Each structure stands twice: as C-alpha cells, then as structure tokens.
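Structure first, commentary second.
Each reported figure results from applying straightforward, stated rules to the coordinates on display, with no laboratory input. Computed from a prediction, not measured in an experiment: that's the story for all the values here. We place every Cβ from the backbone using ideal geometry, glycine too, and count neighbours over all the protein chains shown.
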Amino acid sequence: MGIIVPVLTLVFLLFTKMSHGASNPRVILVGGSVGSWKVPDSPNNTLNHWAENNRFKVGDFIVWKYDMKVDSVLQVTKEDYESCNTANPLKQYNDGDTKVELDKSGPYFFISGAPGNCAKGEKITLVVLAERKSGGGGAPQVSPVTAQTPAPAPAPGAAHNAAAGLKVGSGWFLTAVVIGLAMA
C-alpha cells in the first residue's frame, strides 16, 4: 500500500498538468474595464502600462468598448503606430464593441482613429506570446517572442531549479518531487 498513494498522486498531478496545458482562449477587456479606450489621464497611466503587466496568448480575444460616435480602433503597422498615422490601417473597427482574435504570436499595434487622440497617447501595443512544444514532447511551454519593439518586462515568475531543469512551482516540478519521494 506504501507505493499506491504516491502513484495515485503522480497520476493526478500528470492529469492536472495536461489539462491546464491546453487552456481555453480568454476574452480580455482592453485596460481591464469598460471605457479604458480613451486618451490617458497621465503619461504614467497608459494602456501600454496595462499591457506590460498582462500576458497575451495566441487564441486570446481582446475587446474594446467605446463610444462609436467619437472613436474607433485601428490596427496598424509599427511605423504607423509610432507616427500616429491613421491613413492606412491594416484593419479598422468602429462598432463600439470591437473583438479581435490574437491569432499569431508577435506584436500587435492599435491606435485610436479619432483625430489627435493617438498623439495624446490613446494607443496600445500587445505582445502575444508564442506557444512552443519542448523538444522532449512534453507539455507546451510559453515563451516571449523576440520582436523589434521592446518586449514587456517578464512577470515575477517561478525560479529555475538548475539541478532538475524544471521551473519550481510548475506541475512538472511537483511531479518530479513525487516521483523522487515514491522512489525513496
């Protein structure tokens, strides 16, 4: 009976890790609240500050809620983002309830279509993380994509365990601990 409990624990941990690896897409409201798509109150409170503190994955949906009579959302190139050029958007949204799927990794650039708002800071860069499978065929790992724009600072995360090559706090680390205890 001494080995049955650790083996059942191991099976549970493996199942839990596998089910969390294939997470569902999220629907994320820009700025975290209705009415965030606006000229920022201060340079220290921009949507880019909000975006830097969030992680976006392929398959997520980003949603803007705004007054369609006075504003719109333009998806643009990096160059048009930097110069606030509204003349050639890649995509234009003006329905007041815009939902965009983040269908590939890398940077996405959005600016306001209202005259002068982009220059006042109503714009956002989203960096979508790439999901890649590890060489050993294990669970997917999420890693930032290198882009020509500065990537957001990494979130405080799990420390690396150099001895095992696993992230402390991950399901795989816990699984390795259980296996080690079962063999002891």
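Laid out as a table, the results:
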| read-out | value |
| --- | --- |
| Cβ-Cβ FRET estimate between LYS57 and SER33, R0 fixed at 25 Å, reported to 0.05 | 0.75 |
| Alpha carbon convex hull of the range 29-84, volume per residue in cubic angstrom | 112 |
| Amide hydrogen neighbours beyond the local backbone of SER72, cut-off 5 Å, H modeled | GLY113, ALA114 |
